[in-house]
Amino acid sequence: MEQFAVPCYDLCLCFFVALLFYAVLRAVSGSGSKHRRLIGLRLPPGPWQLPVVGSLHHLVRGLPHRTICDLSLRHGPLMFLRVCERLAIVVSSAEAVREIYKGNEALFSERLSSPGIDELSRHGQGVIFAPYGDHWRLLRRILMTELLSARRIESFQRIREEEAARLVSSVQAKSSSCGGGLVNVGELLDEFMTDSAVRAIFGDRLPDRAAFMKIVKQGVSLASLFDLRDLFPSSRLVRLLPRGSGKAERHRQEMFKLMDNILKTHQERRASTDGDDEHDLVDVLLRIQEEGDIRVSLTDGVIRAVLIDVFGAALDTTSTTLQWAMAELVANPIVMHKVQLETRRVLAGQATIQESMLKDMHYLRATIKETLRLHPPAPFFPRLCLQDYKIHGYDVPRGAIVLTNVWAISRDPKYWDEPEMFRPERFEGNNDVDFRGMDFEFTPFGVGRRICPGIGFAHASIEIALASLLYHFDWDLPKGVEPGKMDMTEVFGVTLSRKANLFLHPISYVPV
Ligand code: HEM
């Protein structure tokens, strides 16, 4: 998902570049006059600011979600930040999230835009960065009723079961090939998620799969690169600065070529079978395009952009969650023991796992929730305020970014007992707190109209992969590493992922 903040080294670079261009920018972009309209407003408190870069220098240390959380503890659950030309209100309490997104949500359903984001998002043709309007409404309806509906997700059940069985075989094979040694579990979970998503979205017959994956990975690293135009969106001068080596443009062209190939093979197959069979999401979109009874036309360009968005949004988020879940379980042997007991009681005697067997695994589901609470893959969800607004007596100016710090709220002792502990029990019994956007202290998938439409897809994949790993294997840490001393360092990139590779020692319990 898009993030408001950028990696530290990029921020430092930006800080110096911004100061260098200070005098010229003021003349060319007129940023001073832009902020004159803030005079007289009662803005939330915030840290002190420098000319031009505003609060940027407060953000260059440490990981953005933690730094911003520390600043909010000093300044309050509504905090004002100015980062160059951007104004942001950071929201760090469930009460403020409720006040914003209950009732007045339409005013906060717009995503950020800037020349950099426009280029990366193919000018909002996809869904993630689409401006809040008819185009987004149409695509959202297609996502909810067709592409990611409960029925469609169920139809991918066989794919998930096959891929989970393949994951188990791969663990077994890798472990045997290195004499029962350590296995890079993160890498295998990445493969599981990639293969499940590729098959569901593009089908089994993806031409040149290796090239496709290489290009997707490049796209992800390009998306996390810092772009000065995002901090000075109105500056003509910044727009004139040299733009790297045209990497983004070359990447877009290559991606389009591959996507066109995928569409062509699907169109040919559909023509030869009268479009009767629907194997994957490409088929579904082509069928809707052929029916042609919708207000906004679903061109090949829009289909391409939607497919890239859905695939990009599905991969890292889900795989990162799986990796944190396994890491927390080996770091907390009592929780691991309890979830394995449940898995092995429910699945006793089964050689392979089917999804229908998982419905009674309440503790496994609580474990997934607890992982998303401590490690939300998207620690912020940013929206744009479309109209001057008041929250808790403070003014939120039109055009300000409203940045909800999901990570900070999910660890706030006001809502959670011993918030730093990994304790799935907190989601058991009478506690029906859920992540579907109604409980504002727990919003790893966002809230409101733009809440993640892939919750069902993600949850089904995480559930079967975890159940399979826990049923078939016991897991040991590398020699000499104590559970309490595991490296849990985070990296802030496209998602909040693990810095260290997750190497574990699998011991077969139910042979494959
Ligand atoms: C653990 C896994 C995932 C997490 C934590 C996650 C989280 C999020 C978040 C925080 C947002 C922004 C919501 C907001 O602004 O309120 C979002 C949007 C989105 N997600 Fe996910 N996501 C996950 C998996 C998926 C999957 C599997 C798919 C597709 C198969 C997906 C597709 C999307 C799309 C298309 C959007 C944009 C929605 C819009 O703008 O209307 N996500 N996700």
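The values are calculated or read from the model by the stated rules, or taken from the named source; none is laboratory data. Note that the structure is predicted; figures quoted are calculated from it, not measured. Every residue, glycine among them, receives a Cβ derived from its backbone with ideal geometry; neighbour counts consider all protein chains shown.
Looking only at helices (runs of 4 or more DSSP H) that fall completely inside segment 77-142, which ones have 3 or more residues that are within 13 Å of the ligand (Cβ to nearest atom) and at pLDDT below 95?
On the way: elements: 94-101, 115-120, 134-142.
Counting at least 3 such residues, we get 134-142.
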Practice prompt. Can you give me the number of residues within segment 427-452 that are within 16 Å of residue 371 (Cα to Cα), out of contact with any Gly (no Cβ under 9 Å at 6 or more places or on another chain) and surrounded by 18 or more Cβ atoms within 10 Å (Cβ to Cβ)?
Written response: 5
Worksheet item: If you go through segment 418-432 one residue at a time, how many are free of Cβ contacts under 8 Å to residues at least 60 places away in the same chain and either part of a loop (DSSP other than H, G, I, E, B) or within 16 Å of the ligand (Cβ to nearest atom) (or both)?
Response: 8
Practice prompt. Return a yes/no flag: does segment 400-423 have any residue that is surrounded by fewer than 19 Cβ atoms within 10 Å (Cβ to Cβ), under 28 Å from residue 87 (Cα atoms) and among the aliphatic types (A, V, I, L, M).
Written response: no
Worksheet item: Within segment 458-510, how many residues turn out to be in contact (Cβ under 8 Å) with a residue 12 or more places away in the chain, assigned to a loop (DSSP other than H, G, I, E, B) and either surrounded by fewer than 18 Cβ atoms within 10 Å (Cβ to Cβ) or more than 16 Å from the ligand (Cβ to nearest atom) (or both)?
Response: 12
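Yes/no per residue for (1) surrounded by 12 or more Cβ atoms within 10 Å (Cβ to Cβ); (2) under 26 Å from the mean Cα position of the chain (by Cα); (3) not in a helix (DSSP H, G or I):
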| position | (1), (2), (3) |
| --- | --- |
| 252 | yes, yes, no |
| 269 | yes, no, no |
| 277 | no, no, yes |
| 284 | yes, yes, no |
| 298 | yes, yes, yes |
| 302 | yes, yes, no |
| 310 | yes, yes, no |
Worksheet item: What are the pairs, 6+ residues apart or on separate chains, where a residue within segment 362-390 that is in a loop (DSSP other than H, G, I, E, B) has its Cβ under 7 Å from a residue that is small (Gly, Ala, Ser) and more than 11 Å from the ligand (Cβ to nearest atom)?
Response: 376/410; 385/399; 385/400
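Which one is nearest to the ligand (Cβ to nearest atom) among residues in segment 160-187 that are within 23 Å of the chain's Cα centre (by Cα) and surrounded by 20 or more Cβ atoms within 10 Å (Cβ to Cβ)? Spell out how you get there, then give the answer.
To start, the set of residues in segment 160-187 that are within 23 Å of the chain's Cα centre (by Cα) comprises 160, 163-164, 167, 184-187.
Filter again for surrounded by 20 or more Cβ atoms within 10 Å (Cβ to Cβ), leaving 160, 163-164, 167, 185-186.
On the way: 160: 12, 163: 14, 164: 16, 167: 17, 185: 17, 186: 15 Å.
It comes out as 160.
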Worksheet item: Are any of the residues in segment 138-157 over 30 Å from residue 195 (Cβ atoms) and free of Cβ contacts under 8 Å to residues at least 60 places away in the same chain?
Response: no
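If you go through segment 295-322, how many residues are at pLDDT 95 or above and either among the small types (Gly, Ala, Ser) or more than 22 Å from residue 153 (Cα to Cα) (or both)?
The number of residues fulfilling the criteria is 1.
In the list 454, 437, which residue meets the criterion of being touching a Leu at 6+ places or on another chain (Cβ under 7 Å), within 27 Å of residue 101 (Cβ to Cβ) and within 16 Å of the ligand (Cβ to nearest atom)? Talk me through it step by step, then tell me what you get.
Values: 437 fails: touching a Leu at 6+ places or on another chain (Cβ under 7 Å).
Matching residue, one of 454, 437: 454.
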Worksheet item: From the residues in segment 461-491 that are of a type in the set (A, V, I, L, M) and within 16 Å of the chain's Cα centre (by Cα), which one is farthest from residue 405 (Cα to Cα)?
Response: 462
Worksheet item: Which residues, counting only those in segment 130-174, are out of contact with any Ser or Thr (no Cβ under 8 Å at 6 or more places or on another chain) and of a type in the set (S, T, N, Q)?
Response: 145, 149, 155, 157, 169, 170
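Looking only at segment 382-395, count how many residues are touching a Phe, Trp or Tyr at 6+ places or on another chain (Cβ under 9 Å) and either of a type in the set (Val, Ile, Thr) or within 14 Å of the ligand (Cβ to nearest atom) (or both). Steps first, answer last, please.
To start, the set of residues in segment 382-395 that are touching a Phe, Trp or Tyr at 6+ places or on another chain (Cβ under 9 Å) comprises 382-386, 389, 394-395.
Keeping just the survivors that are either of a type in the set (Val, Ile, Thr) or within 14 Å of the ligand (Cβ to nearest atom) (or both) gives 382-385.
Qualifying residue count for the region: 4.
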Practice prompt. Write out, first by first residue and then by second, each pair whose Cβ atoms fall under 7 Å of each other, whose residues are 6+ apart or on separate chains, and whose first residue, in segment 442-455, is more than 24 Å from residue 419 (Cα to Cα) and touching a residue at least 24 places away in the same chain (Cβ under 8 Å) while the second is more than 6 Å from the ligand (Cβ to nearest atom) and not aliphatic (A, V, I, L, M).
Written response: 448/101; 448/105; 448/109; 448/437; 449/105; 449/109; 450/109
